[in-house]
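Written out below as structure tokens is the structure these notes cover.
The values are calculated or read from the model by the stated rules, or taken from the named source; none is laboratory data. Bear in mind the structure is a predicted one, so any value in this text is a computation, not a measurement. Cβ placement follows ideal geometry from the backbone for every residue including glycine, while neighbour counts extend to all protein chains displayed.
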Number of protein chains: 2
Amino acid sequence: MAHSSVTIRVPGEPERGYEIRIGSGLLGSVPSDVAEMLPGMRQFVVTDVNLVNHGHLAAMVGEGTEDVYVIDPPGENSKMLSTVENIISEMEQKRFGRDSVILALGGGVVGDIAGFAAAIFKRGIPCVQIPATTVAQADSAVGGKTGVDSELSKNAYGTFHHPAAVFIDCSLVKTMDDVSYRAGLVESVKHAMIADPEYFRYIESNIDMILERDEAALHHLAEKNCGIKGRVVEEDPNEKNLRRILNFGHTIGHAVESLSGFDLLHGEAVSIGIVGACRISQEMGLVSAEVTECAVEILQRLDMPVTITGLKKASVMETMKRDKKSIGGVPKFVVLDDIGTVHGVDGQYAVDVPAEIVEKVLSALDAK
Amino acid sequence: MAHSSVTIRVPGEPERGYEIRIGSGLLGSVPSDVAEMLPGMRQFVVTDVNLVNHGHLAAMVGEGTEDVYVIDPPGENSKMLSTVENIISEMEQKRFGRDSVILALGGGVVGDIAGFAAAIFKRGIPCVQIPATTVAQADSAVGGKTGVDSELSKNAYGTFHHPAAVFIDCSLVKTMDDVSYRAGLVESVKHAMIADPEYFRYIESNIDMILERDEAALHHLAEKNCGIKGRVVEEDPNEKNLRRILNFGHTIGHAVESLSGFDLLHGEAVSIGIVGACRISQEMGLVSAEVTECAVEILQRLDMPVTITGLKKASVMETMKRDKKSIGGVPKFVVLDDIGTVHGVDGQYAVDVPAEIVEKVLSALDAK
């Protein structure tokens, strides 16, 4: 299949940009492509044990490469400062210098950790993202957010560090387990709902092909996701305003994810949050019930939860107030004027919602 | 005494700038000044046990403040990632959020550690630098370099994170021990030699007042240092070219500092490096012997070493080759066309020097 490419201007640095290369079977040529982009730079790979077990690391760099750090166990539990320290310490031991580049092969956790390591090694070296999951390909590999969790909060420590390039190999997601695969598609639904009604219709019409992991469909999703997120990040790199639209579904989503003790996958929690945000838009008189119904239908086709049965309303409210995106203890919501159009108030896209409406919507989501 | 102020445009972000406020006895009003600059932001202080013992912390925030981290032991041995982690972890425990600012009260080590903590807490919060030593007031508080050491190298990990403001209280250096005080003045000599012959003459003529820690003289030094460094950093924030002139005296200096096992203070090592760089300029036919003599004389007035008696030439050469600023294993030197004028080759200010010249100069510095 032909490759395609989206270019993102690096925010605040108009002379720089980075390329997102999209295709199937790109993986094997990543090291030589990076060597061409960044000549003379030593390459160090950060990945996790899942990617190794599925053969993706070997497919990228061959067998027996030593300049690699394998995160084990994989997943959120390794997303801590000590993992970053282990990576950069190993690079120091191996005498990597400023003329180095980190290749981050994996999902969102690998990308966040590796991006953070690159941001602080020798005051910043380039990082190339090779996202291997639906959520990383749709969302986290683009935009420059990096970070690790503290004992108390998610992404407590981190930086903005834009990748030098992103390689999206659509075939990588074929080895994902089913629920993670589907949960990662929720960010695609989110992108469609905040920016592109045609894209939303595409997902509705092609949901079977998408669930079958059809490469042409995945290629189309990657182009759309990177185009939408890229334009938002270009315009508002440090989340002063427009970038907040990417938080659609995340106000309730983050609270629910946190209250579940992270039993819910991020995409599952955001699925509930998207339905909540649609219902809030409806209660505010901005959209018809049909918008919520369309959202529920597509999310249910992905087998994602759309209610929070069992959770207490008061707990959800309190957790939202403590979210780091709350301002003065008041949670902010991204709401819609229509599928594809975020509602703005005085040019701001994260808005206040009356507590009665939020509580009513939490009840409608089946909270106690 | 009247305050004065220098403003630095933040490189790459033309709409932002930060103020360097210079005066004596500024310290007590820093918290209220910061509250005015950054309204509504919670203030967290990072300092070290020396500053506490000299009463400077209490002079700034009063007795009994809890939102403070005291680095103990002070100095380079604490400049490691675990100290940064302790700081940000304490901020997490105390529920500091994105709406926080770190006040860094101390010398270069405190500024580097606190600046790094601010850079990575919640993906970056503002840091206000309140430098308390001659070296920090002349050099490290301005420019945005932050970092900590690894077991193998200095400043192995860090970021560029520009301060939100700098407060230089010239009276703070009065509590410094004599040798550290004098060693810190070497960076002032460096600034004069690379950028401002009149400033060089000022230091020559007023060396007694400077050594007596006269506040008017220190005020003049601070203005000159911040003006010179600020203009260089504005023009070349990420050390692509012009900023390298700030490395004058540091090629030999860093090697000698490292070979001494850090027994030499940074300023002492740079003193030797400045003499070396002058001799190299002389051997290259760029300057007369008089330039070297002027440098030696002023550095000796500061009681700084100007030879490296006992060190092996081969060790110095090898250490310079491994320096992180070497390119392809070849050390680069900043040399002069005159006092106040750096020599450029094709617009580059860090140049190659024939090995014979370097060896000859190391011999002249009394290396074996």
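Scanning for something outside any loop (DSSP other than H, G, I, E, B), more than 22 Å from residue B:244 (Cα to Cα) and β-branched (Val, Ile, Thr), does the range B:342-360 turn up at least one residue? There is no residue in the range B:342-360 that is outside any loop (DSSP other than H, G, I, E, B), more than 22 Å from residue B:244 (Cα to Cα) and β-branched (Val, Ile, Thr).
Report the residue count in the range B:78-89 for those that are surrounded by 16 or more Cβ atoms within 10 Å (Cβ to Cβ), within 26 Å of residue B:265 (Cα to Cα) and without any contact (Cβ under 8 Å) to a residue 40 or more places away in the chain. Qualifying residue count, the range B:78-89: 1. For the range A:167-191, residues that are among the acidic types (Asp, Glu) and closer than 21 Å to residue A:248 by Cα total 1. The requirement of being free of Cβ contacts under 8 Å to residues at least 60 places away in the same chain, under 23 Å from residue A:299 (Cα atoms) and surrounded by fewer than 19 Cβ atoms within 10 Å (Cβ to Cβ) is satisfied by residue A:213. Annotation note: Cβ proximity below 9 Å between a residue of the range B:312-329 that is more than 11 Å from residue A:97 (Cα to Cα) and a residue that is among the aliphatic types (A, V, I, L, M) and loosely packed, with under 13 Cβ neighbours inside 10 Å (sequence gap 6+ or interchain) occurs for B:317/B:355; B:321/B:330.
Residues considered: A:104, A:164, A:117. Of these, the only one that is out of contact with any Cys (no Cβ under 7 Å at 6 or more places or on another chain) and either of a type in the set (A, V, I, L, M, F, W, C) or closer than 21 Å to residue A:214 by Cα (or both) is A:117.
Listed here are the residues, each with its yes/no results for (1) in contact (Cβ under 8 Å) with a residue 60 or more places away in the chain; (2) within 14 Å of another protein chain (Cβ to nearest Cβ).
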residue: B:76; (1), (2): yes, no
residue: B:91; (1), (2): no, yes
residue: B:153; (1), (2): yes, yes
residue: B:157; (1), (2): yes, yes
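Among what's in the range A:159-173 and is touching a Phe, Trp or Tyr at 6+ places or on another chain (Cβ under 9 Å) and under 26 Å from residue B:97 (Cβ atoms), pick the residue that is farthest from the other protein chains (Cβ to nearest Cβ). That would be A:162. Whether a residue is modelled with pLDDT of 90 or more, of a type in the set (A, V, I, L, M, F, W, C) and on the phi < 0 side of the Ramachandran plot was assessed, and residue B:22 passes this test.
From the list A:10, A:52, A:46, which one is under 23 Å from the mean Cα position of the chain (by Cα), at pLDDT 95 or above and within 28 Å of residue A:227 (Cβ to Cβ)? After ruling out the rest, the residue left standing is A:46.
If you go through the range B:174-193 and keep only what is surrounded by fewer than 22 Cβ atoms within 10 Å (Cβ to Cβ) and either within 14 Å of chain A (Cβ to nearest Cβ) or farther than 22 Å from residue B:25 by Cα (or both), you end up with just B:179.
Rundown of residues vs (1) under 18 Å from the mean Cα position of the chain (by Cα); (2) β-branched (Val, Ile, Thr); (3) buried (at least 18 other Cβ atoms within 10 Å of the Cβ); (4) farther than 13 Å from residue A:8 by Cβ, yes/no style:
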residue	(1), (2), (3), (4)
A:206	no, no, no, yes
A:221	yes, no, yes, yes
A:237	yes, no, yes, no
A:240	no, no, no, yes
A:245	yes, yes, yes, yes
